[in-house]
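FYI, it's all coordinate maths here, none of it is from the lab. What you are looking at is a predicted structure, and each value in this text was computed from that prediction instead of being measured. Virtual Cβ from ideal backbone geometry, glycine too; neighbours counted across all protein chains shown.
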Amino acid sequence: MAQTPAPPETVEVETINVSCDGGGGALGHPKVYLTLVDGEVECPYCDRRFVLKPGLTPDGGH
């Protein structure tokens, strides 16, 4: 039977502008810069989800 892959990681953030390099140093992926839309965004390389921490309002990354 095939093993089910683990679900992608979810990271709570405090700004709407984030970056993702996949983690793991050389085992990661090229760094990409992402902007949360409606409080979340998913990395196109590793599917890691970034979500705005509960109770915070978007600050525009400033």
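Relative to the current alpha-carbon distance between VAL11 and ARG49, full extension at 0.36 nm per residue lengthens the span by 13.1 nm.
Packing-based ranking of 46-52, 30-36 yields 46-52, 30-36, ordered from highest to lowest mean Cβ neighbour count within 10 Å. The fewest-to-most ranking of THR10, THR15 by surrounding Cβ atoms within 10 Å reads THR10, THR15. For the pair ASP38 and SER19, label points projected 7 Å from Cα toward Cβ lie 2.8 nm apart.
Using the empirical formula 2.2 N^0.38 Å as the baseline, the Cα radius of gyration of the chain reaches a ratio of 1.24.
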